[in-house]
Amino acid sequence: MTLLQCSPGSRILNIITKFPRYRLFLPEYCALPCEEAARVIVENGSQRQSFGVAALAVHGLIESVNDSALGEKINRIEMIVPDGQPIVWALNAFHQLDIDFKIPGPTLTLEVLKLANEQQLNVFLYGSTADTLQRFQDYIATSFPGVTVVGVHEDRFRDATDEEDAADIERINASGAHIVLVGRGCPRQEHWVADHVGKVDSAMLAVGAAFDYHAGKLKRAPMWIQKYGLEWLFRLIQEPGRLWRRYLFTNLQFIRMCVQQRLKSGRSR
């Protein structure tokens, strides 16, 4: 596994300046600030351009490294934003960048909804449970009245059959959705977005727990905890039974990989 130089973003509309992407072990991350990333997303979505987006934290990065199927397709997603302060630190260290702060899925979701509200765009919600979807819909209706939710799809919590997937694609495209928010959990949502680039005529955002946060089911960590890269610990306290194994193994593997890369870079110099 090696770090490669940046490569230009692809399939961006002509009105959007192409943005560089920076490889961190495997995923190629975008280094745009949150507001600029949201503007690129909404510009693509407003013109019904198929455009994949993922907010990828340490867990998602490690999944893409360990899961060969995901690893082969992860960079089909045109915009991967660093959802995690440790990702930001690593990108800054290995690519001499000056990224100020991470772009969490819930924060990116709000920025996109804010712009979508101004342009009165259509949004489709894909994934999660019926209760969470209803609460999230209510939140959008109250906070972003210019946004129209043109469809929701409760997660099957399994892979769709070919027939089901074709029906899902037809339904989303027929709805007139400009933006599809995907909340299926990592890595299922990244697989879904990567598999539907070029098939779904919308900007598709894999935003993980954003559904639960904005539905009022989870609490965000205070900003000082986020800045120290400890939001994972705040989430672990809230959901220890579900998350302890994920954070124990993925965090340790990420630290090991970063140390190895630093030592390798030092020897090269």
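The values are calculated or read from the model by the stated rules, or taken from the named source; none is laboratory data. What you see is a predicted model; the values in this text were computed from it and never measured. Every residue, glycine as well, gets a Cβ built from its backbone with ideal geometry; the counts of neighbours run over all protein chains shown. All accessible areas refer to the heavy atoms of the entire protein, side chains included, with ligands and DNA or RNA removed. Shrake-Rupley method; radii C 1.70, N 1.55, O 1.52, S 1.80 Å.
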Under 15 Å from the Cβ of Arg39, count the other residues' Cβ atoms, weight Lys and Arg +1, Asp and Glu -1, and hand me the total. -4
Rounded percent of accessible protein surface that carbon and sulfur make up, the chain, 1.4 Å probe: 53
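Taking only protein heavy atoms into account and a 1.4 Å probe, give the accessible area per residue of the range 147-269 in Å².
On a per-residue basis, 53 Å².
Can you tell me the dipole magnitude for the range 80-195 around its Cα centre, using point charges on the Cβ only (Lys, Arg +1; Asp, Glu -1), in Debye to the nearest 20?
340
Which percent, nearest 5, of DSSP beta bridges in the chain are antiparallel? Kindly include the intermediate steps, with their values, before the conclusion.
Numbers: 5 of 27 bridges.
That works out to approximately 20 percent antiparallel.
Taking a quarter of the surface of the Cα convex hull of the range 167-207, what do you get in nm²?
Numbers: hull surface 10.3 nm².
Spelled out: convex hull of the Cα atoms, projected over all directions, averaged, 2.6 nm².
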Taking Rh as the Kirkwood radius, which is the inverse of the mean 1/r over Cα pairs, what is the Rg/Rh value for the chain? 0.95
So the angle from the long Cα axis of helix 240-268 to the longest Cα principal axis of the chain, reported in degrees to the nearest 10, equals 50
When a/c is below 1.5 the answer is rounded, else prolate if a/b is larger than b/c, else oblate, so apply that to the range 113-167 with a ≥ b ≥ c taken from the square roots of the Cα gyration tensor eigenvalues. oblate
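Below 13 angstrom from the Cβ of Gly71, what's the summed charge of the other residues (Lys, Arg +1; Asp, Glu -1)? Walk me through the intermediate numbers first.
Working: positive: Arg23, Lys73, Arg76; negative: Glu28, Glu63, Asp67, Glu72, Glu190.
Within the 13 Å Cβ shell, the charges total -2.
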Where Rh is the Kirkwood radius over Cα pairs, Rg/Rh for the range 138-269: 1.06
Accessible area per residue of the range 29-137 at 1.4 Å probe, in Å²? 34
List the residues, sorted by chain then number, that are 5 or more residues from Cys30 or on another chain and whose placed amide H is less than 5 Å from its amide H. Tyr22, Ile80, Val81
The farthest towards the positive end of the charge dipole of the range 47-198, of the residues Gly176, Asn117, Val152, given +1 on Cβ of Lys and Arg and -1 on Cβ of Asp and Glu, is Asn117
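Okay, helix-only estimate at 222 nm for the chain: each DSSP H run of n ≥ 4 adds -39500 (n - 2.57), divide by all residues, round to 500 deg cm²/dmol; what do you get?
-15500 deg cm²/dmol
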Comparing Asn66, Asn75, Asn92, which has the greatest mean-square fluctuation in the GNM of the chain with Cα pairs linked when under 10 Å apart? Asn66
How many lysine pairs in the chain, separated by 8 or more positions in sequence or lying on different chains, have Cα atoms less than 25 Å apart? 15
